[in-house]
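Heads up: the structure comes next, in structure tokens.
The values are calculated or read from the model by the stated rules, or taken from the named source; none is laboratory data. Keep in mind that this is a model prediction, so the values were computed, not measured. Every residue, glycine as well, gets a Cβ built from its backbone with ideal geometry; the counts of neighbours run over all protein chains shown. Just the protein is used for accessible areas: all its heavy atoms, side chains included, with ligands, DNA and RNA removed. Shrake-Rupley method; radii C 1.70, N 1.55, O 1.52, S 1.80 Å.
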Amino acid sequence: MNRRTFLFGALGAGALTAIGAVPFALVDEDAVLLAAIDAIFPPLEGMPTGAEVDAAAAFRRYIANLPTRTRFEARGLLRAIEVGAAATTGSRFTVLDRDGRTVFLEGLLDGVFPQRLLANGLKQVCAVAYWQHPRTWTALAYDGPLVGRSAP
Amino acid sequence: MSVHIDCDVVVVGSGAGGGPAASELARAGLDVVVLEMGDKHDPKTFTQREEDMFPRLFQDAASRTTADRSIQVLQGKGVGGSTVHNLNLCKRVDDELLDVWEREHGLPGLRMALAPHYAVVEQRIEVSEVPWDRVTRNNRLLRVGAEALGWKHGPLKHNRKGCIGSGFCELGCAYDAKMNSARVFLPDAELHGARVLPGHRVTRVTTALGRATGVVGEGPTGEFSVRARGVVLSASATGSSAIVLASGLPDPWRQAGRGLHLHPGATVGGVFPDPVDGWKGIPQSWECTEFLHPTDPDRRVWLVPVFGHPVGVGSMLPGIGASATKRMASFRHIAAMTPMLHDTSVGRIEATRDARPIIQYQSNEADLRMMAKGMMGAARILLAAGATEVLIPTSRPRIITAHDQAKALANVALGPLDPPLAAVHPMGGLCMGGDPKRSSCDATGLYHQLPNLWVADGSLFPTSTGVPPQLSIYAFGHLVGQAAAAALENK
């Protein structure tokens, strides 16, 4: 059994464990993504929320370009986070408050390889969905693309 | 609709290997067809936005990883291949390492044979040192830190012409200032009659009576086939192996796909009191080689500045929660470095039935120890350059503020995804060597088991190069192109 097989097994087992509490197929992916962005990159004063930059739409645009299997994994990742939280904390990820979500995700980062894989994958997805939007750049003092402006 | 093409030689892939190979074959008067799976890009359409450019320039929209998902593997697609998005670093493989390749891999005379090809491609892509007045603060900080520590450091050479220093190199140059395969070699090949066909993904090399007869695959309008007297595979160190494996080519000693190296690297950030503006200007113009030697097993890590744009930086900075956002808010004040491994871990390429690569690779213990040493080195340079804190991307982030803390990093036990690693230099898979039982190709790139199939990309390298492979891939593309032309002209 390689690590990939193990990962899929772990995801599947996690889903089955929690299936009674949260049907895997009924997870609201957008809600999980926005809740994850709020926990991973909680906006400082003046910064937009994930919803305000329509991060869910950005996520969908991003995964549309991925190979079928990777797209499936990216969506499965969000679902696994929701049911995984339910299985380990008793509350769905989207129901936990921000501190609860952060603690849950930090636990994954500190965990065994498949758990780290989930947490790191989620962070990548959140970074793509959130930091791509120009409204998030103001707080970074990042001036964005140079095309259309004069050379430095 | 099925399309059929006849030609003398078909080149699969248009990057640093395929470009010069096609150019040399066409200059020899052969009828050349270059097949590229990605699109032909007009640099004027490059938006410098990560969300736009990742899908356009990178395999799998930059989501490609090793099979276990632990290492991100960034590879290009489109006419010009990875030379469209790479950072233009040009460094020859050290002579000491070439001597090892000669001695231990049955490749006598390789160093002398390769030298003129290095010289030609360096001249054609106009390799030159980045002048000091173009070295950015992110890079100058590496020099300051290394100087303070008494460590070896120096400038790097690039292939740029007309560079305005926008700093968006990894998203493609909107100013077409990269002297890359798309700008230099492919136009030259076309000038000499070659046809470059984007949107054509090869799935199989066809054979008959012990010879390659061409390739088949999927094109813009459906299936296509190409019949040719010679086939050159330049589809990258993952793609070429995948095509060989999916084609079921003769491989009695099961060498295809073996010997993969990746040069994995982590990202160590330092926060400075004054703005660094790391995303502006020419990236990676200075290096530290204190811990890098081509053949010393205890010195196998290269330290070089690195930076990105908001999505990339948000992904690579350690940790989550309010502290992560606060670090992002320090964006202008962050300098970053990557310890890149001259890796001894050996992976392999497997293939799906339609020739998509599956990258099997796991870091060995020695490499993980070397990565810890590299993070120590990067942290010490950043501190010596004036960083108030250094961010170590282990699963539980470490914040380093003093040299004794940094020194302790060398003894930290690391593991998969701890820290997350990224790789931009796949090498090996169809390694060259003198013994067909231990290698796939000879020193001219000729596949041991077929008399008219050549490999012209990083697949050939029998070990990690320890330096960015771009220049060596150009040189081998040039060498293999000439060798294939000579063989085919004589038929």
Residues of region B:143-181 satisfying the condition of being part of a helix (DSSP H, G or I) and under 14 Å from residue B:89 (Cβ atoms): B:169, B:170
Filter result for residue B:491 (at pLDDT below 95, more than 30 Å from residue A:106 (Cα to Cα) and not small (Gly, Ala, Ser)): yes
Near pairs, Cβ below 7 angstrom, 6+ apart or cross-chain, from region A:125-152 (more than 7 Å from chain B (Cβ to nearest Cβ) and under 17 Å from residue B:167 (Cα atoms)) to any residue that is open to solvent by 20 Å² or more (accessible area, probe 1.4 Å) and in a helix (DSSP H, G or I): A:144/A:134
Sole residue being open to solvent by 10 Å² or more (accessible area, probe 1.4 Å) and at pLDDT below 95, chosen from B:289, B:221, B:267: B:221
Region A:110-124 - residue that is within 7 Å of chain B (Cβ to nearest Cβ) and more than 19 Å from residue B:328 (Cα to Cα) and, of those, most open to solvent (accessible area, probe 1.4 Å): A:110
Any chance residue A:147 is closer than 30 Å to residue B:282 by Cβ, open to solvent by 40 Å² or more (accessible area, probe 1.4 Å) and not aromatic (Phe, Trp, Tyr): yes
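Listed here are the residues, each with its yes/no results for (1) surrounded by fewer than 24 Cβ atoms within 10 Å (Cβ to Cβ); (2) in contact (Cβ under 8 Å) with a residue 24 or more places away in the chain; (3) in the same structural domain as residue B:474 (by TED's automatic domain parsing); (4) within 23 Å of the chain's Cα centre (by Cα).
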residue	(1), (2), (3), (4)
B:118	yes, yes, yes, yes
B:150	yes, no, no, no
B:153	yes, yes, no, yes
B:171	no, yes, yes, yes
Answer from B:162, B:210, B:167 - the residue that is in contact with a strand residue (DSSP E or B) (Cβ under 9 Å, 6 or more places away or on another chain) and either of a type outside the set (D, E, K, R) or more than 14 Å from chain A (Cβ to nearest Cβ) (or both): B:167
Selection count where residues are more than 11 Å from residue B:305 (Cβ to Cβ) and among the aliphatic types (A, V, I, L, M), scope region B:147-159: 2
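Could you pull out every one of the strands (runs of 3 or more DSSP E) wholly within region B:1-114 that has 2 or more residues that are in contact with a strand residue (DSSP E or B) (Cβ under 8 Å, 6 or more places away or on another chain) and farther than 20 Å from residue B:216 by Cα?
Of the strands (runs of 3 or more DSSP E) lying wholly inside region B:1-114, those with at least 2 residues that are in contact with a strand residue (DSSP E or B) (Cβ under 8 Å, 6 or more places away or on another chain) and farther than 20 Å from residue B:216 by Cα span B:71-73.
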Options A:80, A:64: the member that is under 24 Å from residue B:64 (Cβ atoms) and free of Cβ contacts under 8 Å to residues at least 12 places away in the same chain: A:64
For residue B:62: the one exception among (1) within 14 Å of chain A (Cβ to nearest Cβ); (2) farther than 26 Å from residue B:203 by Cβ; (3) under 22 Å from the mean Cα position of the chain (by Cα): (2)
Qualifying residue in region B:313-333 (condition: β-branched (Val, Ile, Thr), within 11 Å of chain A (Cβ to nearest Cβ) and in contact (Cβ under 8 Å) with a residue 60 or more places away in the chain): no
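Taking the criterion of being assigned to a loop (DSSP other than H, G, I, E, B), within 19 Å of the chain's Cα centre (by Cα) and buried (at least 24 other Cβ atoms within 10 Å of the Cβ), would at least one residue in region B:182-197 satisfy it?
Looking through region B:182-197, none of the residues is assigned to a loop (DSSP other than H, G, I, E, B), within 19 Å of the chain's Cα centre (by Cα) and buried (at least 24 other Cβ atoms within 10 Å of the Cβ).
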Members of region B:341-372 found to be open to solvent by 60 Å² or more (accessible area, probe 1.4 Å) and among the charged types (D, E, K, R), listed by number: B:348, B:353, B:356, B:365, B:369
